[in-house]
Amino acid sequence: MPPASTHYTITALEPNAHLFETRCTVADPDPSGQAFRLPTWVPGSYLIREFARNVVAIRAQGCDGPVAVRKESKDTWRAAPCDGPLTLTMRVYAFDVSVRTAYLDERRAYFNGGSVFLCPVGREHAPCTLEILPPPAGALASGRVATTLPRDGAPAFGFGRYRADDYDSLIDHPVEIGDFAHASFEAGGVPHDVTITGARDVDLERLSRDLARVCQWQVELFDGPGARAPFDRYLFQVTAVGDGYGGLEHRSSTSLLCRRDELPQPGVEAVTDDYLTFLGLASHEYFHSWNVKRIKPAAFVPYDLSRESYTRQLWAFEGFTSYYDDLALVRCGLIEPARYLELLGRTITSVLRSPGRRVQSVAESSFDAWIKFYRQDENSPNAIVSYYAKGALVALGLDLTLREAGASLDDVMRALWERFGRTGAGVPEDGIAALASAIAGRDLAEFFARFVEGTDELPLADWLARVGIAVNLRAAQGAKDRGGKPASGSSPRSGIGAKVNADMKLATVYAGGAFERAGLAAGDQIVAVEGLKATADALRTLLERRAPGTTVTVHAFRRDELMERAVTLAAPAPDTAWLAPDPDAPHAAVERRRAWLGTTKEAAASPAA
């Protein structure tokens with residue numbers, strides 16, 4: 001017999017104290033004592049987050065009264081044997097403004113199910129019902145409910161009863177409660193909703209129109225024109241704040257965190273840099289509807305949320321997604337090719353500024369995400385590489401390599417969708433390399449050995465020359481220079497090999513740089529250079545005027561000890577990239593460029609200075 005359904009309720013119990021109360025009811029508990037477990041991580045964010053640390057209190061009730069509950073491990077509780085039904089009631093502290101856990105105050109409630117709902121051990125596959133109860137009078141008075149959980153009696157955007165096929169489904173539909181702005185559109189033959197909490201001055205009509213173009217293009221990438229999206233509806237669940245950024249994918253929705261300035265403003269027709277950041281984030285998370293939520297590593301089939309699940313493939317699942325997020329914007333016509341080349345130049349710049357790319361491969365970065373990528377410190381730039389950013393550049397190289405063979409990364413994505421996404425089978429660790437080789441019609445083992453498993457420098461200039469794009473490198477012109485454009489003024493003559501905060505404290509000292517050779521370290525407070533008070537302006541002026549090889553005296557505090565160091569300035573690193581079409585590119589390269597960018601005219605003019 002199939003297991004009886006598990007019933008949950010949740011209420012915003014004490015908004016001012018940021019406490020949710022959840023209840024989990026099992027009709028026929030385990031006769032030996034029913035165990036309940038809370039996840040330790042959330043799919044899509046590869047860090048053990050220990051959701052149990054936010055549990056404030058827990059109690060149990062059986063048909064004959066209170067039941068003893070004993071905690072067995074950091075994330076598991078066991079109720080004493082009893083007759084059913086058994087209800088475990090839990091209070092959870094929720095005050096994390098992120099897309100991963102839960103938040104509650106008098107204006108807004110949000111929860112990612114894995115952080116608030118216990119799973120009855122042994123009943124992971126039982127169907128679930130959820131009653132989202134109205135908050136106490138006065139709190140969230142005008143609140144509505146935004147989620148893609150199937151309604152089971154609840155009105156649209158209302159409190160009431162919802163359902164899920166099993167526990168994994170229950171926690172894969174986050175819930176937003178509040179007075180949010182709302183818009184809707186259609187893409188891929190299904191309705192899409194956008195809810196925005198925290199911002200009102202938004203051009204919802206334009207936002208809907210632009211997102212519809214991105215979504216439609218992605219649906220067609222995987223299944224062709226006229227195809228239907230792989231869900232019945234979709235929700236962009238947006239929280240706008242003063243300063244924040246992040247996204248987390250779910251099977252039919254995404255939770256997004258952005259700055260208010262990144263949303264389109266009424267009367268502003270241009271795609272500003274801020275709005276472009278938001279569009280790229282939304283595009284990234286929507287692409288995950290296929291690449292991660294349905295096409296996933298074998299290590300994630302099924303998810304084990306009690307411990308780390310190791311894979312060397314995040315470079316593809318996040319890197320491919322990072323490659324397509326901005327590429328989708330140019331292919332669907334939201335931005336011009338020149339703007340895309342600027343974004344690609346910024347990605348190249350971010351990787352070139354990471355000495356860790358020579359130390360850690362993207363496969364190693366994927367495997368060690370649990371202990372390194374999500375736990376970065378002052379030395380991380382020297383020791384690790386981003387499987388997002390470098391993974392996107394590996395995807396670029398693979399795409400352009402395949403295009404020379406008459407295929408493309410698009411073909412790889414469609415094949416992954418057919419073989420693994422539609423079937424629910426996990427992608428084996430060597431599956432992408434094997435599939436790409438089959439599509440290319442030749443063995444690509446060397447490509448994967450050098451650029452995925454190895455730390456060889458990516459031959460970006462050679463790759464991009466295949467589509468008639470020239471890669472130009474220069475020195476950074478300041479802390480805010482992210483690359484993507486030619487130089488626009490004076491450049492430093494020398495470099496120090498360090499990232500310096502506004503208060504003159506060293507945030508990072510890069511391996512092999514002038515400051516490291518002089519014995520300075522992250523955390524040191526620079527107080528004087530050449531006997532004068534150290535300021536950001538003074539340091540910039542010095543680097544503009546002094547030639548490489550010049551030695552300067554630097555005084556700094558390490559904790560409470562004053563140090564004097566002789567620093568020999570070095571040539572500034574040419575680690576800032578900008579791209580432009582090569583006017584002398586052969587016709588075949590220009591044609592490949594048009595196909596790559598999805599344009600029917602010349603790809604781009606040079607980026608504006």
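Where a number appears in this text, it was derived from the coordinates with a stated rule and is not lab data. Source: prediction; values computed, not measured. For neighbour counting, all protein chains shown are included, and Cβ atoms are generated from backbone atoms with ideal geometry for every residue, glycine included.
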> Computed FRET efficiency, Cβ-Cβ of residue 425 and residue 186, R0 30 Å: what is it to the nearest 0.05?
Replying inline: 0.45
> For residue 564 and residue 68, FRET efficiency with R0 = 60 Å and r from the beta-carbon atoms, rounded to 0.05?
Replying inline: 0.35
> At a Förster radius of 30 Å, what calculated FRET efficiency corresponds to the Cβ-Cβ distance of residue 57 and residue 379, to the nearest 0.05?
Replying inline: 0.15
> Using every alpha carbon pair in the chain, what percent of pairs falls into each 20 Å bin from 0 up to the bin containing the largest distance?
Replying inline: 18, 47, 30, 5, 0
>> From the helices alone, meaning DSSP H stretches of at least four residues, give me the mean residue ellipticity at 222 nm for the chain, per-run term -39500 (n - 2.57), in deg cm²/dmol to the nearest 500.
In response: -7500 deg cm²/dmol
>> Between the stretch 36-68 and the stretch 148-222, what is the separation of their alpha carbon centroids in Å?
In response: 27
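For the chain, with only Lys/Arg (+1) and Asp/Glu (-1) charged at the beta-carbon, what is the dipole magnitude about the Cα centre, in debye rounded to 20? The partial results should precede the final answer.
Numbers: 67 positive and 77 negative charges, 132 e Å.
In total the dipole reaches around 640 debye.
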>> Just to confirm a number: summing +1 for Lys and Arg and -1 for Asp and Glu over residues other than residue 492 whose beta-carbon lies under 11 angstrom from that of residue 492, what do you get?
In response: +3
> So how tilted is helix 273-287 from the main axis of the chain? Cα-based, degrees 0 to 90, rounded to 10.
Replying inline: 50
> Using the Cβ atoms and a cut-off under 10 Å, what net charge is assigned to the surroundings of residue 592, where Lys and Arg are +1 and Asp and Glu are -1?
Replying inline: +2
> What whole number of Å gives the distance from the Cα centroid of the stretch 513-543 to the Cα centroid of the stretch 357-387?
Replying inline: 27
> Using θ = phi - 60° and the Karplus curve 6.51 cos²θ - 1.76 cosθ + 1.60, what whole-Hz ³J(HN,Hα) does each residue of the stretch 543-549 get, with Gly and Pro shown as x?
Replying inline: 5, 6, 9, 8, 7, x, x
> Which of the peptides 153-161, 551-559, 243-251 is most tightly packed, and how do the rest follow, judged by the mean count of other Cβ atoms within 10 Å per residue?
Replying inline: 243-251, 551-559, 153-161
> Modelled label-to-label distance, residue 537 and residue 4, 7 Å Cα→beta-carbon offset: nm?
Replying inline: 7.4
>> At 10 °C and a viscosity of 1.306 mPa s, what translational diffusion coefficient does Stokes-Einstein give for the stretch 498-568, taking Rh as the Kirkwood radius over Cα pairs? Give it in µm²/s as a whole number.
In response: 132
> Does the stretch 322-449 come out rounded, prolate or oblate, given a ≥ b ≥ c as the square roots of the eigenvalues of its C-alpha gyration tensor, rounded meaning a/c under 1.5 and, failing that, prolate meaning a/b above b/c?
Replying inline: oblate
> With a sphere of radius 12 Å drawn around the Cβ of residue 115, what net charge do the other residues whose Cβ falls strictly inside it have (Lys, Arg +1; Asp, Glu -1)?
Replying inline: 0
>> On C-alpha positions alone, give me the angle between the axis of helix 389-404 and the longest principal axis of the chain, in degrees, nearest 10.
In response: 70
>> Compute the angle between helix 319-331 and the longest alpha-carbon principal axis of the chain, please, reported from 0 to 90 degrees and rounded to the nearest 10.
In response: 80
>> So if I take the alpha carbon set of the stretch 6-178, get Rg, then get Rh from the Kirkwood formula, what is the Rg over Rh ratio?
In response: 0.95
> Among 152, 524, 377, what is the fewest-to-most ranking by other Cβ atoms within 10 Å?
Replying inline: 377, 152, 524
> Which whole-percent values make up P(r) of the stretch 391-485 when all C-alpha to C-alpha distances are grouped in 5 Å steps starting at zero?
Replying inline: 3, 11, 19, 21, 17, 11, 8, 6, 3, 1
> In the chain, with Lys and Arg counted as +1 and Asp and Glu as -1 at Cβ, which of these residues, 35, 301, 566, has the Cα nearest the positive end of the dipole, that is, farthest along it?
Replying inline: 566
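At a temperature of 20 °C and a viscosity of 1.002 mPa s, determine how fast the stretch 180-283 diffuses translationally according to Stokes-Einstein, using the Kirkwood radius over alpha-carbon pairs as Rh; express D in µm²/s, rounded to the nearest whole number.
In µm²/s, the coefficient rounds to 155.
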>> Whole angstrom only: what separates the Cα centroid of the stretch 244-297 from the Cα centroid of the stretch 81-111?
In response: 26
